[in-house]
Amino acid sequence: MDKITVEKLDLFYGSFQALKEITLNIPANEITALIGPSGCGKSTLLKSLNRMNDLVEGCRIEGSIRLDREDIYGDMDVNLLRKRVGMVFQKPNPFPMSIYDNIAFGPRTHGIRSKAKLDNIVERSLRDAAIWDEVKDRLKKPALGMSGGQQQRLCIARALAVAPEVLLMDEPTSALDPISTAKVEELAMELKKQYTIVIVTHNMQQAVRISDKTAFFLLGEMIEFGETEKIFSMPENKKTEDYITGRFG
Amino acid sequence: MINWKEKLMKVVFLAAACVSIAAVVLICIFLFVNGVPAISEIGVFRFLFGTKWKPANHLYGIWPMIVGSVYVTAGALLAGVPVGILTAVYMARFCPRWLYRIMKSSISLMAGIPSVVYGFFGLVVLVPFIRETFGGRGMSVLTASVLLGLMILPTIISVSETSIQAVPQSYYEGGLALGASHERSVFYTVLPAAKSGIFAGVVLGMGRAVGETMAVMMVAGNQAVIPRNLTAGVRTLTTNIVMEMGYSTDLHREALIGTAVVLFLFILIINLSLSMLKRKEKE
Ligand SMILES: Nc1ncnc2c1ncn2[C@@H]1O[C@H](COP(=O)(O)OP(=O)(O)OP(=O)(O)O)[C@@H](O)[C@H]1O
Ligand SMILES: [Mg+2]
């Protein structure tokens with residue numbers, strides 16, 4: 001079952017074409033990794049999936065992206081889309097408020113007011129993000145007082161709190177130490193049971209370790225897409241092979 | 001040779017810096033030397049809390065003026081703060097670029113208008129308006145509050161706007177990514193992050209309102225009694241000084257300087273809380 005289907009997607013920043021004819025099916029309940037050298041358009045593609053590109057002035061797209069067969073650039077309410085397709089940013093960006101309020105922000109946005117319900121969601125999201133034990137005694141403390149790794153897991157918890165269907169992660173571990181990285185990776189593999197995950201990474205080992213599918217990008221084009229195992233053991237395209245063996249990029 | 005020049009320049013810089021420090025110190029000394037003896041002659045309690053200001057009868061109670069200053073300042077904040085903050089939010093996060101430019105320059109123009117011009121505007125426009133709408137003579141607490149509210153707008157707007165602009169975009173994007181609307185992201189993620197800066201703007205505006213003299217004098221009515229309602233006239237600490245300084249002598253004159261001491265303490269408290277705020281923000 002495909003959760004997201006991208007068809008013939010062209011994306012322009014002004015006159016610069018950042019994505020060229022991308023066609024890609026992202027399967028549900030799997031982890032799809034996007035890899036490729038810097039500037040090839042990974043983040044751009046990711047941000048198209050929840051329309052964060054709308055914020056960029058002069059950004060224009062052609063082609064279609066469907067979530068459960070529904071065109072996300074069509075009639076769909078963009079706030080509702082972003083509720084269904086959550087995002088974790090490269091740099092942890094907790095709000096300058098308490099840990100509790102960070103997690104409760106999303107559910108409150110979507111109309112949940114009951115204290116008991118919110119308490120419940122906060123605890124469950126923090127547990128799902130494997131950070132509950134570390135923060136349960138300081139829920140009222142400012143989130144900015146946490147370590148970088150904890151902040152990133154808090155942001156994952158915050159994304160989970162609105163019960164999304166898809167989770168987009170843009171290099172979620174690039175600012176983290178190996179231990180926090182391992183935790184986030186474990187977490188991703190645990191989460192794919194319930195969510196569809198798309199992750200951008202510069203770390204080949206990470207892609208191999210956690211993803212089921214991998215897409216390789218180069219200069220705005222998708223060169224190859226397939227089972228992670230296959231991409232990394234016997235890539236079809238010479239450019240893919242060069243990249244994963246570290247010959248360029 | 002170079003060393004010698006450098007030393008000379010250091011002395012010049014130091015001297016320049018000393019001018020402002022010396023000015024503050026001298027003003028302090030002047031105020032306290034002239035004001036404090038008068039206050040103790042009148043009696044601290046009778047001076048501060050006496051409700052009668054009748055220099056002709058040697059009654060020097062400045063309580064009506066303290067209350068007056070507090071009233072018009074509070075009124076100015078009530079009128080100016082919501083408008084100022086919302087304007088700042090609008091400018092920083094909602095308004096189209098062409099309008100932003102217009103607003104930005106009109107606000108800096110507004111900051112440069114001399115207070116006597118504000119006073120004149122108040123006299124010609126606000127006073128009749130308030131007289132006809134709310135009754136009374138038109139020169140009142142309400143009039144002074146509204147006018148001061150206008151006058152502190154540029155301060156509040158520019159300080160708040162700067163601090164809203166300084167909030168990292170990542171908070172706003174984080175809000176949107178959770179499905180929050182533009183408005184909700186701005187008001188619930190960006191604004192809280194800017195709150196200490198906004199508060200600093202409000203305190204700065206408050207300082208301006210407490211110290212304003214000319215414009216207030218022109219529209220406040222200046223009766224030295226505690227106003228009974230919003231349309232009654234009012235006299236503030238600043239106007240009390242400026243209205244009588246010209247002809248006062250002896251104890252009367254010193255009581256006015258004593259009034260300035262009280263005003264000075266007000267401003268001092270406001271500045272201290274401002275620097276405390278700034279320190280808190282740095283942490
Ligand atoms: N807001 C923007 N305006 C104009 N051009 C942009 C914008 N954002 C990205 N680009 C361009 O689009 C191309 C793709 O950028 P993108 O950020 O998607 O790369 P990336 O693959 O995520 O790179 P990295 O691995 O360094 O994060 C780059 O050439 C970049 O310069
Ligand atoms: Mg990127």
For the stretch A:145-173: of the residues being open to solvent by 20 Å² or more (accessible area, probe 1.4 Å), away from every other protein chain (no Cβ under 12 Å) and over 13 Å from the mean Cα position of the chain (by Cα), which is nearest to ligand 2 (Cβ to nearest atom)? A:GLY148
Identify, please: which residue in the stretch B:144-200 is away from chain A (no Cβ under 14 Å) and hydroxyl-bearing (Ser, Thr, Tyr) and is, among those, most open to solvent (accessible area, probe 1.4 Å)? B:THR162
When you scan the stretch A:218-237, do you find a residue that is within 30 Å of B:TYR172 (Cβ to Cβ), under 13 Å from the mean Cα position of the chain (by Cα), open to solvent by less than 20 Å² (accessible area, probe 1.4 Å) and within 16 Å of ligand 1 (Cβ to nearest atom), even just one? no
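Of all residues in the stretch A:60-72 being of a type outside the set (Val, Ile, Thr) and crowded, with 18+ Cβ neighbours inside 10 Å, which is nearest to the other protein chains (Cβ to nearest Cβ)? Spell out how you get there, then give the answer.
Going through the stretch A:60-72, the residues of a type outside the set (Val, Ile, Thr) turn out to be A:60, A:62-64, A:66-71.
Checking which are crowded, with 18+ Cβ neighbours inside 10 Å leaves us with A:66-67.
Details: A:ARG66: 19, A:LEU67: 14 Å.
Result: A:LEU67.
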Which residue out of B:GLY84, B:GLY75 is open to solvent by less than 10 Å² (accessible area, probe 1.4 Å) and either of a type in the set (Lys, Arg) or on the phi < 0 side of the Ramachandran plot (or both)? B:GLY84
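Hey, could you check the stretch A:40-53 for residues that are at the interface with another protein chain (Cβ under 10 Å from one of its Cβ atoms) and touching a Lys or Arg at 6+ places or on another chain (Cβ under 9 Å) and say which is nearest to ligand 2 (Cβ to nearest atom)?
The initial filter retains those residues of the stretch A:40-53 that are at the interface with another protein chain (Cβ under 10 Å from one of its Cβ atoms), namely A:47, A:50-52.
Within this subset, residues satisfying the condition of being touching a Lys or Arg at 6+ places or on another chain (Cβ under 9 Å) are A:50-52.
Details: A:ASN50: 15, A:ARG51: 17, A:MET52: 12 Å.
Going through the qualifying residues, I end up with A:MET52.
The values are calculated or read from the model by the stated rules, or taken from the named source; none is laboratory data. In this text, all values refer to a predicted model and were calculated from it rather than measured experimentally. A quick note on method: Cβ atoms are made from the backbone with ideal geometry, for glycine too, and the neighbour counts reach across all protein chains shown. When the accessible area is computed, the model is the full protein with side chains, heavy atoms only, and any ligands, DNA or RNA have been set aside. Shrake-Rupley method; radii C 1.70, N 1.55, O 1.52, S 1.80 Å.
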